[in-house]
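Since the structure comes first, as structure tokens, the remarks are kept for the end.
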Amino acid sequence: MTILYNVLLVLHLLGWAIVFGGALAGLKKATLPAGALHGILTALVTGILMVGLAESGVAGPEHINNMKVGVKLLIAAVATGVVVYGVKKPAKVTRGFVGAVAGLVVVNVAIAVLWR
């Protein structure tokens, strides 16, 4: 099960990287590529699966910080909503909107790394 957890971790990080890269690429023209939607959904689903595996005790860290997981889930849910809205209504997307997506990704990754 540790292998499964690690594969999910790699997919989780790749999902966030896709969203961040798509947001940076879309800053110039104020657009969100459709790939950002796939990346955010990948990051969200794999993150939930990783927490499930860790909570069950079969893989992952021995101690789960539920507050950290809750904050990360809230930020991921907001980022998902923003990306879905931006992909479905591209006429409403501004550079600030795309910057907010990039910012939410950076905050989520920073919490994952810095919150101990």
*Take the alpha-carbon centre of the stretch 83-102, take the same for the stretch 23-76, and report the distance between them in whole Å.*
18 Å
*Rounding to the nearest 20 debye, state how big the charge dipole of the stretch 48-116 is about its Cα centre with +1 on each Lys and Arg Cβ and -1 on each Asp and Glu Cβ.*
440 debye
*Please say if the stretch 2-114 is rounded, prolate or oblate, where rounded means a/c under 1.5 for a ≥ b ≥ c the square roots of the C-alpha gyration tensor eigenvalues, and otherwise the choice is prolate for a/b larger than b/c and oblate otherwise?*
prolate
*Treating only the Cβ atoms of Lys and Arg (+1) and Asp and Glu (-1) as charged, compute the dipole magnitude of the stretch 2-114 about its Cα centre; round to the nearest 20 debye.*
660 debye
*Within the stretch 64-81, which residues have the backbone N less than 17 Å from the label spot 7 Å out from MET1 along Cα→beta-carbon, could you tell me?*
64-65
*Excluding ALA110 itself, calculate the net charge of residues whose Cβ lies under 14 Å from the Cβ of ALA110, where each Lys or Arg counts +1 and each Asp or Glu counts -1.*
+3
*In the chain, with Lys and Arg counted as +1 and Asp and Glu as -1 at Cβ, which of these residues, PHE97, ALA54, ILE111, has the Cα nearest the positive end of the dipole, that is, farthest along it?*
PHE97
*asked:* At a 10 Å Cβ-Cβ cut-off, how would you order LYS68, LYS92, fewest neighbours first?
replied: LYS92, LYS68
*When we measure straight from the Cα of LYS29, which lysines land under 19 angstrom away, once same-chain ones fewer than 8 places off are left out?*
LYS88, LYS89, LYS92
_Listed residue (VAL83, ASN65, VAL10) projecting farthest to the positive dipole end of the chain, Cβ model_ = VAL83
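No lab work stands behind these numbers, since they all come straight from the coordinates. This is a predicted model, so every value here is computed, not measured. Glycine also receives a Cβ, built like all others from the backbone with ideal geometry; neighbour counts cover every protein chain displayed.
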